[in-house]
Amino acid sequence: MAMTLTSLPTPLEPAPRWARALNLRADRLWIKRDDLTGLGGGDNKTRKLQISVQAALDAGATVLVTTGAPQSNHARLTAAAGARAGLEVVLVLEGEAPEADRGNLLLDRLFGAEVTWSGDRDLSLVQDETADALRERGGRPYVIPFGGSSPETAVAYRDAAREILTQIPSLDHVVVAVGSGGTMAGLVAELGPDRVLGVDCGAVPDALSTVSQMVRAMGEPDPCATLRMDTSLVGAGYGALTEEASEAMRQLARTEGLILDPTYTARAGAGLIKAVREGRISPEDTTVFLHSGGLPGLFGHSEL
Ligand SMILES: Cc1ncc(COP(=O)(O)O)c(C=O)c1O
């Protein structure tokens, strides 16, 4: 049974006031609104889930299982996708249950997902045990990899790159947040390594090799030496709000009325600001900032 999770194409909007704040030409900065992909609060994950959830349905699965951080956007959207596809969802989340369900976790519950906490145990081990237990209960689990990224699902971002090219045929840079790597890998597979600037958000130990392996597994030439990846904006770690990310959040909110999330898109915004300051993106270049969503995360970090 075919099932649709996404509302495509997402808009490509001009961002002239943000461009001026960045000292870019006002007509050269665009925002690809992949925060508006349609399902469960939007996000880049929805495009990738379209592929994996369809594969789960085709395989006759009854329950989706995936892993993530407590404020995982991917987990939230897996929960939403399961609801839409009529599948149960079990989320294996890192660490211990917090005192209160906030942000993404609140939405996981709203979408009806079951949550299992890994404690201090290895996340993928707990995921395997969870899938085994579901099988013993007569369920047919379908495991979606961390962050929803695999060479098969990264294809969704090769298609997204084609969608961008129909909206703006000539572009110099796409700036994107990098977590589990599938989004950047798909963009690189279509646009080549020179036109994609990834900003590492600290979700995996080695984002550069994660992305380059995925690009290779998609049948593309090894891009490792030429990938553009800013790994300097992780700060104190994945969950930390950095000064640079706060600056990007304030700048976009106050120039275009748009919201970035503290973990991913704000770091990507900080990567754009830095690339312009350092001359790696120049005022005349045509730049697309991929807004990959993540808004509920803003309400999930009590320290913010
Ligand atoms: C809001 C947001 N943007 C970007 C990313 C990065 O995408 P990917 O995991 O495909 O690298 C993620 C997920 O990790 C995300 O939640």
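Values as computed for the structure displayed
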quantity: Every pair of residues 6+ apart whose Cβ atoms lie under 6 Å, when the first sits in the range 137-160 and is within 13 Å of Val215 (Cβ to Cβ) while the second is within 12 Å of the ligand (Cβ to nearest atom) and small (Gly, Ala, Ser); calculated: Ser149/Ser180; Ser149/Gly181; Ser149/Gly182; Ala154/Gly182; Ala154/Ala185; Ala154/Gly186; Tyr157/Gly186; Arg158/Gly186
quantity: Any chance Thr67 is under 18 Å from Thr4 (Cβ atoms), among the polar types (S, T, N, Q) and buried (at least 19 other Cβ atoms within 10 Å of the Cβ); calculated: no
quantity: Whichever residue in the range 141-166 is within 13 Å of the ligand (Cβ to nearest atom) and among the β-branched types (Val, Ile, Thr) and, among such residues, is surrounded by the fewest Cβ atoms within 10 Å (Cβ to Cβ); calculated: Val155
quantity: Members of the range 96-125 found to be farther than 26 Å from Leu39 by Cβ and either in contact (Cβ under 8 Å) with a residue 60 or more places away in the chain or out of contact with any Phe, Trp or Tyr (no Cβ under 6 Å at 6 or more places or on another chain) (or both), listed by number; calculated: Glu99, Gly119, Asp120, Arg121, Asp122, Leu125
quantity: Tabulated pairs, the range 282-294, first within 11 Å of Ala19 (Cα to Cα) and touching a residue at least 24 places away in the same chain (Cβ under 8 Å), second among the hydroxyl-bearing types (Ser, Thr, Tyr) and more than 12 Å from the ligand (Cβ to nearest atom), C-beta under 9 angstrom, 6+ apart or interchain; calculated: Thr286/Ser170
quantity: Thr10 at pLDDT 95 or above, polar (S, T, N, Q), in contact with a strand residue (DSSP E or B) (Cβ under 7 Å, 6 or more places away or on another chain) and within 16 Å of the ligand (Cβ to nearest atom); calculated: yes
quantity: Candidates Ala15, Ala26, Ala59 - the one that is surrounded by 22 or more Cβ atoms within 10 Å (Cβ to Cβ) and among the aliphatic types (A, V, I, L, M); calculated: Ala15
quantity: Test result for Leu258, in contact with a strand residue (DSSP E or B) (Cβ under 6 Å, 6 or more places away or on another chain) and touching a residue at least 40 places away in the same chain (Cβ under 8 Å); calculated: no
quantity: Residue list for the range 167-194, filter: assigned to a loop (DSSP other than H, G, I, E, B) and more than 15 Å from the ligand (Cβ to nearest atom); calculated: Ile168, Pro169, Ser170, Leu171, Asp172, Gly192
quantity: Residue identified as surrounded by fewer than 22 Cβ atoms within 10 Å (Cβ to Cβ), more than 24 Å from Pro98 (Cα to Cα) and touching a Pro at 6+ places or on another chain (Cβ under 8 Å) among Arg280, Arg228, Arg254; calculated: Arg228
quantity: Qualifying residues in the range 210-237 (those that are of a type outside the set (A, V, I, L, M) and out of contact with any helix residue (DSSP H, G or I) (no Cβ under 7 Å at 6 or more places or on another chain)) - the one nearest to the ligand (Cβ to nearest atom); calculated: Thr210
quantity: Residues of the range 241-285 that turn out to be over 14 Å from Leu24 (Cβ atoms) and of a type in the set (D, E, K, R), as a count; calculated: 7
quantity: Filter result for Gly138 (within 13 Å of the ligand (Cβ to nearest atom), of a type outside the set (Val, Ile, Thr) and on the phi > 0 side of the Ramachandran plot); calculated: no
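The values are calculated or read from the model by the stated rules, or taken from the named source; none is laboratory data. In this text, all values refer to a predicted model and were calculated from it rather than measured experimentally. Quick reminder, even Gly has a Cβ in these numbers, built from the backbone with ideal geometry, and neighbours come from all protein chains shown.
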